[in-house]
1. Check whether at least one residue in the range A:32-50 is of a type outside the set (S, T, Y), farther than 30 Å from B:P52 by Cβ and either in a loop (DSSP other than H, G, I, E, B) or more than 14 Å from every other protein chain (Cβ to nearest Cβ) (or both), and report yes or no.
2. Exactly one of (1) of a type in the set (A, V, I, L, M); (2) part of a loop (DSSP other than H, G, I, E, B); (3) open to solvent by less than 50 Å² (accessible area, probe 1.4 Å) is unmet by B:L46. Its number?
3. Look through A:T80, A:T5, A:T53 and report the one residue that is farther than 28 Å from B:A49 by Cβ and either free of Cβ contacts under 8 Å to residues at least 40 places away in the same chain or not aromatic (F, W, Y) (or both).
4. Scan A:S93, A:S70 and give me the residue that is within 14 Å of chain B (Cβ to nearest Cβ) and either in contact with a Leu (Cβ under 9 Å, 6 or more places away or on another chain) or among the polar types (S, T, N, Q) (or both).
5. Collect the residues in the range A:23-43 that are on the phi < 0 side of the Ramachandran plot and surrounded by fewer than 16 Cβ atoms within 10 Å (Cβ to Cβ), keeping them in residue-number order.
6. For the range B:53-113, give me every one of the strands (runs of 3 or more DSSP E) that falls completely inside it and has 1 or more residues that are open to solvent by less than 50 Å² (accessible area, probe 1.4 Å).
7. For the range B:65-102, how many residues are over 19 Å from B:N27 (Cα atoms) and away from chain A (no Cβ under 14 Å)?
8. Name the residue that is farthest from the chain's Cα centre (by Cα), counting only residues in the range A:62-92 that are crowded, with 18+ Cβ neighbours inside 10 Å and not in a strand (DSSP E or B).
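The values are calculated or read from the model by the stated rules, or taken from the named source; none is laboratory data. These figures come from a predicted structure and were not determined experimentally. Please note: Cβ atoms are built from the backbone with ideal geometry, for glycine as well, and neighbour counts cover all protein chains shown. Just so you know, the surface numbers come from the protein's heavy atoms only, side chains and all, with ligands and any DNA or RNA stripped out. Shrake-Rupley method; radii C 1.70, N 1.55, O 1.52, S 1.80 Å.
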Amino acid sequence: KAGVTQTPRYLIKTRGQQVTLSCSPISGHRSVSWYQQTPGQGLQFLFEYFSETQRNKGNFPGRFSGRQFSNSRSEMNVSTLELGDSALYLCASRLGAEQYFGPGTRLTVT
Amino acid sequence: QQQVKQSPQSLIVQKGGIPIINCAYENTAFDYFPWYQQFPGKGPALLIAIRPDVSEKKEGRFTISFNKSAKQFSLHIMDSQPGDSATYFCAASTGASGSRLTFGEGTQLTVNP
């Protein structure tokens, strides 16, 4: 089976812009979660989607949002980008308790 | 209460050594404890996981030891190799939280040849 795929892999944006990241989970996995990884804060949970519904949300401002489609693919959006949003954004798909991460999207905000 | 504390921050061992990475948690509702390995430029890869009803689990050269009363768990890497050099993260979640993993701070392991 193919693993979790994320696009794009790298992205450079300017403060104030918005960005949309995409994630395709492992075939058959219906749960998709998003995490932010930074050197200072480590790995932090953003939100989880299951069957197109947000099931759980971390402590991030409303500028961070997401959605899931009927084929389980997910997107996350960050509006009004800030310099502090520069990070590796990871998507994980889940089957049972096990979560499998994609390679991430490296977002740089200038 | 949701934190997972991981130590050491970095670790250097010689090839064949047994690095040990420790994690401690406070939330007694945590019931799933995975370990992830991450190489530069890659996403975390699931190594091994344990539930609190088991005190030890071994998969290949990786062993988790779990102490429920102390709320601690650790990763041992037997016969470590230079290819094991990576950052290791412990994590925890509850059944009620679904996918929400709470991660430790990470340990950068270097295995010298």
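1. yes
2. Of the numbered conditions (1) of a type in the set (A, V, I, L, M); (2) part of a loop (DSSP other than H, G, I, E, B); (3) open to solvent by less than 50 Å² (accessible area, probe 1.4 Å), the odd one out for B:L46 is (2).
3. The conditions single out A:T80.
4. A:S93
5. A:S27, A:R30, A:T38, A:P39, A:G40, A:Q41, listed by residue number.
6. Where strands (runs of 3 or more DSSP E) fall fully within the range B:53-113 and carry at least 1 residues being open to solvent by less than 50 Å² (accessible area, probe 1.4 Å), they are B:62-67, B:72-77, B:86-92, B:107-112.
7. 11
8. The qualifying residue farthest from the chain's Cα centre (by Cα) is A:L81.
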